[in-house]
Amino acid sequence: MINPNDVNLIIFDMDGTVVASLPAVYESIKRAFKKLGWQVTFSASEINRFFGVSTASTGGSLYEFITPPGSPLSPEEVREKVRAEYGDVFREMTISYPAVKETLAALRKRGYKLAQYTNASTAYLDIVMSNLEIRDYYDYVECIQDNNLNKSLLVKKIKERFGGMTAAVIGDRSHDIEAARENGCLSIGALYGYGEKEPEEADIKINRFADLLTIFDRRLPIFERILKAIGERKERGRAYVIGINGIDCSGKTTFAKALEAWLRSIGYLTQLIAIDDFHNPRETRYAGSNQADNYYNESFNIKPMIEKLLKPLRETGRVAAELRLLNLNTDKYDTVKKYSIDPDTIVIMEGVFLFRKELAPFIDYKIYLDITFEESKRRAKERDSRADMDKYDTKYLPAQERYIGI
């Protein structure tokens with residue numbers, strides 16, 4: 001099996017993988033039949049088998065199946081009647097599977113090339129892409145009707161177009177898996193689609209579209225290195241504490257949550273501790289005239305983190321605590337968080353100034369996400385176009401200079 005870490009090109013099937021198209025197609029059929037004065041004598045589940053597969057594999061087309069015996073219209077004419085309904089119906093009810101846009105956007109941001117291929121017609125592809133507003137997420141889009149290629153040949157063409165990049169094919173049908181294997185690609189089966197048991201043949205199976213973000217994460221080699229360290233260093237009968245640190249906007253929270261999700265996915269117990277949950281009240285945070293000094297010395301109340309979590313963990317190996325923490329929006333202690341840690345737990349701490357002398361002794365494995373001050377400001381602006389950038393020059397970054405000893 002191809003290692004997902006080697007993949008740079010991801011090729012997606014459409015129906016049953018990206019878009020839940022069956023309800024819209026069935027509604028289009030019902031509307032077309034109503035105008036023709038015909039009864040719909042089949043259910044949506046009965047036409048499911050025609051989605052994402054070739055005509056040859058089903059013994060005929062969808063339109064041969066639905067055209068009534070003795071109809072004055074040919075299956076091709078029925079097809080055109082149904083497709084005439086697509087525009088309105090798909091605008092009303094085309095839906096992608098959950099988190100499709102967010103996942104595609106994240107994969108692009110991680111540097112993957114994305115391609116869409118499908119058995120569907122060009123007109124159908126255009127309608128779906130337009131209504132879902134997802135075409136811009138892809139580097140290349142093509143359907144079989146454009147060139148009369150089968151799925152395997154289309155995957156081959158897409159790979160060649162991208163210089164033979166190592167690729168993965170995501171789909172819910174056997175044809176997608178076969179296309180992947182015939183072209184030396186990683187196959188990923190969408191269990192949530194229309195293929196029923198067919199995607200179980202794939203190298204990797206997913207239950208949700210967003211599961212791709214766990215598979216295709218360029219941080220995985222780093223996560224694996226961390227896991228190796230855990231295996232080598234963790235003492236039996238004692239939780240292991242990982243600290244994730246970096247300057248503002250270095251990606252600490254994102255990295256920590258991704259690491260936690262990955263560790264959980266492979267069976268580890270985890271507990272996340274974020275220093276941002278231990279802010280002091282506004283009056284304390286802004287008490288002094290020097291903003292950088294305030295940020296470094298007064299932003300966080302680390303005493304309860306040490307006394308209620310880290311010390312008990314070090315002394316007894318267990319923590320079962322419920323802490324009342326500051327709500328930054330209300331500036332009141334009206335947020336309650338529960339912490340549960342036992343000797344098998346991997347504790348992930350994240351936040352600014354995390355390796356200061358008061359906290360460092362409690363951390364077994366330290367990770368520092370290194371970015372420049374210029375990159376910090378660029379990300380801050382990207383995160384919030386209304387961000388007060390002067391604070392980065394007078395407060396945040398000067399405090400970080402002090403912390404890292406520049």
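The values are calculated or read from the model by the stated rules, or taken from the named source; none is laboratory data. Everything numeric here is computed off the predicted structure, so don't read it as measured data. Using ideal geometry, Cβ is built from the backbone for each residue, glycine included, and neighbour counts are taken over all protein chains shown. All accessible areas refer to the heavy atoms of the entire protein, side chains included, with ligands and DNA or RNA removed. Shrake-Rupley method; radii C 1.70, N 1.55, O 1.52, S 1.80 Å.
Over region 140-193, all Cα pairs binned in 10 Å intervals from 0 give whole-percent P(r) values of 25, 57, 18, 0, listed from short to long. Working note: Karplus 6.51/-1.76/1.60 with θ = phi - 60° gives region 331-343 the couplings 6, 10, 7, 10, 10, 10, 10, 9, 10, 10, 9, 10, x Hz, where Gly and Pro are set to x.
Starting from the Cα gyration tensor of region 151-230, multiply each eigenvalue by 5, take the square root, and state the resulting semi-axes largest first in whole Å.
Over the Cα atoms of region 151-230, the ellipsoid semi-axes are 24, 18, 9 Å.
Note on SER74 and GLN39: with the Förster distance fixed at 22 Å, the Cβ-Cβ geometry gives a FRET efficiency of about 0.70. Spin-label pair ASP388-GLN145: with each label point 7 Å from Cα along the Cα-Cβ axis, the two points sit 5.6 nm from one another. Sorted largest first by accessible area at a 1.4 angstrom probe radius, with every protein chain in place, the residues ILE348, ILE127 fall in the order ILE127, ILE348.
Modelled label positions at LYS308 and ARG379, each set 7 Å beyond Cα in the direction of Cβ, lie 2.8 nm from each other.
In this simple spin-label model, placing a label point 7 Å from the Cα along the Cα-to-Cβ direction at both GLU46 and ARG318 gives a separation of 6.0 nm. Its alpha carbons give region 113-171 an Rg and a Dmax of 11.3, 31 Å. Annotation: amide H of VAL19 within the under-5 Å range of TYR97, sequence separation 5 or more or interchain, hydrogens built in the peptide plane. Averaging the sequence gap over all C-alpha pairs within less than 8 Å and six or more residues apart, then dividing by the number of residues, gives the chain a relative contact order of 16 percent. Under 16 Å from a label point set 7 Å out along the Cα-to-Cβ vector of LYS357, no amide N atom of region 298-335 is found. Relative contact order of region 75-202: 17 percent, from C-alpha pairs under 8 Å at least 6 residues apart in sequence. Per atom type, region 90-167 shows carbon and sulfur on 47% of its accessible surface, probed at 1.4 Å. Per the Debye calculation on the chain with a single equal scatterer at every Cα and no solvent contribution, log₁₀ I(q)/I(0) for q = 0.06, 0.10 Å⁻¹ amounts to -0.36, -0.82. Computed extension gain for ARG402 through ASN301, at 0.36 nm per residue and net of the alpha carbon distance, reaches 34.5 nm. Summing charges over all other residues whose Cβ lies under 11 Å from the Cβ of LYS332, with Lys and Arg as +1 and Asp and Glu as -1, gives 0.
For the pair ASN329 and ASP136, the difference between a 0.36 nm per residue extended length and the Cα-Cα distance amounts to 65.9 nm.
A 1.4 Å probe run over the protein chains yields, for the chain, 49 Å² of accessible area per residue, whole-number rounding.
Within region 352-381, whose backbone N sits under 17 Å from a point 7 Å along Cα→Cβ of LYS257? Within reach of a label on LYS257, which here means backbone N under 17 Å from a point 7 Å along Cα→Cβ, region 352-381 contributes 352, 380. LYS34 sits among other residues whose Cβ lies under 12 Å from its own Cβ, and their net charge, with Lys and Arg +1 and Asp and Glu -1, is +2.
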